[in-house]
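Single-structure report; data block below.
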Amino acid sequence: MEFTHLDIYGTFIDTPASGELRIREDTWVRVDIASGTIVSISTEMPSEPPGRARKKVVRMPPEAIVVPGFVDCHVHAPQYKQLGTKTDVPLMEWLEKYTFPAEAAFSSTEHAEKVYTQLIRRLLRNGTTTACYFGSNHLAASLVLADVCGKFGQRALVGKNCSDQLVPDFYVETTEGSLKDTESFIIEVRKKFGATEDSLVMPVVTPRFVPTCSVGLLKGLGELAHKYGVHVQTHAAESVDQVALVRSQFPVLRRDVTILSTVGLLTPKTVLAHCTHLYDAEASALSAIGASIASCPYSNMLFARAVLPVNRFSKLGVKIGLGTDIAGGHSANMLSAVRLAALVSRIEGFRPPKERAGDPFADEEEEERKREDEPVEWKQAFYLGTRGGALALGLDRVGAFDVGMKWDAVEVDLSWEEEEEEQEGSESTQEDFERWVCGHGGEASVRKVWVDGKEVFAIG
């Protein structure tokens, strides 16, 4: 007889709100395995489950903690093999020179299954329990991506990429073909995984970005998003060359947010990647409609040479999560994105320079006052990589440990490599956790991963 409940004893750490660190030591969490849901949290050991139900009891070792799984809000799955390479040119040239040829190879479903299997297993090994994926332009390969996510148990939002212009002939779609394949993708994914907000794998309408999509394609995708009530993902206000290209293509509407709103692609389920060149009024528009931003700290610096003003836009009410942006980013590990989110918010050089013609000390106090609210501290960054990312993707029951929430969790080892006697100076669990988040934590410290109540990775 299979287990029906999972009772876990140990230390549980999460960030239920931005900047709020919650540590519960000597605590029992009970999970209903069938529904993947937390049913109780207590300092007392849970009683026997009713009837013929059976529980599995797990006691964490003292050096281990359990945290929510990471939520990666922006991944280009077919770019996985480029990870950490080919970053020597600006964004639009990068797409032409490296990325479009790499993605075109996914016309082979055999190639797709091989690469996507490597990617999903790597992300789960890193503790990424949820990811929002761009696929390639190919229907069959995008269905493979959804299937592989389901096979290995990762929670995923998956989109078939759409591009009908400014893409090489060997990779470009027709408008009609792209719309037909997108609708087929939505139907097939929902047929296999269901059409509820709790479905493990969900389809996403995915125009690559405004420059590579005709008005007809954008409008058609907007109609599909409305017809099926699915998520939308694309890029917006990403880099100087991308912003200039959009302005030249749309001399009246000029801006990504205005264009997406006009064609019906700006919805409460829209996730816009990057947005480093977004205006405050545009951020307020996202907030008003409920759309979100996927901030990708590394690729923002690399290609946009800019930093998303996380605190500024958060105060305007925008939901923000983090993304690795494989392969514009350098790492598949969300802890890297968490650390960089805290770091880049402090880099003055990526903000608009103040006037340098006059007295260099003039208005210095005013400038400093404007900057003092910009830095993202580590607890906030961890929130962005877990609960904040879940809310950005509309996954209200993911990313924190409360009764009724999904059990998407990661057991990690807080110890580090120095000699044991050098570790005795730790003052608190919070200090050890901060050291893990900001310093030595990574793939090697992940011991076990659960998604939707099921174990999807374990060492040994």
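The values are calculated or read from the model by the stated rules, or taken from the named source; none is laboratory data. Since we're looking at a predicted model, the values are computed, not measured. Glycine gets a Cβ as well: all are built from the backbone with ideal geometry, and neighbour counts include every protein chain shown.
Which of the residues spanning the stretch 154-194 are assigned to a loop (DSSP other than H, G, I, E, B), more than 25 Å from Ser248 (Cα to Cα) and without any contact (Cβ under 8 Å) to a residue 60 or more places away in the chain? If the condition is that a residue be assigned to a loop (DSSP other than H, G, I, E, B), more than 25 Å from Ser248 (Cα to Cα) and without any contact (Cβ under 8 Å) to a residue 60 or more places away in the chain, then Gly194 is the only one that fits. Of all the numbered requirements in (1) closer than 22 Å to Ala225 by Cα; (2) surrounded by fewer than 21 Cβ atoms within 10 Å (Cβ to Cβ); (3) under 18 Å from the mean Cα position of the chain (by Cα), Ala285 misses one, and that requirement is (3). Please work out if Ser108 is surrounded by fewer than 24 Cβ atoms within 10 Å (Cβ to Cβ), more than 20 Å from Trp407 (Cβ to Cβ) and more than 17 Å from the chain's Cα centre (by Cα). Against the criterion (surrounded by fewer than 24 Cβ atoms within 10 Å (Cβ to Cβ), more than 20 Å from Trp407 (Cβ to Cβ) and more than 17 Å from the chain's Cα centre (by Cα)), Ser108 qualifies. Scanning the stretch 250-282 for residues that are at negative phi, crowded, with 24+ Cβ neighbours inside 10 Å and part of a loop (DSSP other than H, G, I, E, B) yields a count of 4.
Has the stretch 295-305 got any residue that is in contact with a helix residue (DSSP H, G or I) (Cβ under 7 Å, 6 or more places away or on another chain) and under 22 Å from Ile186 (Cβ atoms)? No, there is no match, as no residue in the stretch 295-305 is in contact with a helix residue (DSSP H, G or I) (Cβ under 7 Å, 6 or more places away or on another chain) and under 22 Å from Ile186 (Cβ atoms).
Residue selection: Ser199 fails the criterion of being of a type in the set (Ser, Thr, Tyr) and either part of a helix (DSSP H, G or I) or modelled with pLDDT under 95 (or both).
Where helices (runs of 4 or more DSSP H) fall wholly inside the stretch 56-153, the ranges with 1 or more residues that are at pLDDT below 95, out of contact with any strand residue (DSSP E or B) (no Cβ under 6 Å at 6 or more places or on another chain) and not assigned by TED's automatic domain parsing to the domain that holds Gln430 are 91-94, 100-104.
Name the residue that is surrounded by the most Cβ atoms within 10 Å (Cβ to Cβ), counting only residues in the stretch 57-99 that are aliphatic (A, V, I, L, M) and without any contact (Cβ under 8 Å) to a residue 24 or more places away in the chain. Per the criteria, the residue is Leu95. Looking for something surrounded by fewer than 19 Cβ atoms within 10 Å (Cβ to Cβ), among the aliphatic types (A, V, I, L, M) and without any contact (Cβ under 8 Å) to a residue 60 or more places away in the chain - is there at least one such residue anywhere in the stretch 16-38? No: the stretch 16-38 contains no residue that is surrounded by fewer than 19 Cβ atoms within 10 Å (Cβ to Cβ), among the aliphatic types (A, V, I, L, M) and without any contact (Cβ under 8 Å) to a residue 60 or more places away in the chain.
In the stretch 198-222, the residues that are within 15 Å of Ala273 (Cα to Cα) and assigned by TED's automatic domain parsing to the domain that holds Cys132 reach residues that are basic (Lys, Arg) and surrounded by 21 or more Cβ atoms within 10 Å (Cβ to Cβ) with C-beta atoms within less than 7 angstrom, at least six apart or across chains, in these pairs: Thr206/Lys160. Evaluated against (1) touching a helix residue (DSSP H, G or I) at 6+ places or on another chain (Cβ under 7 Å); (2) part of a helix (DSSP H, G or I), Ala225 falls short on exactly one condition, (1).
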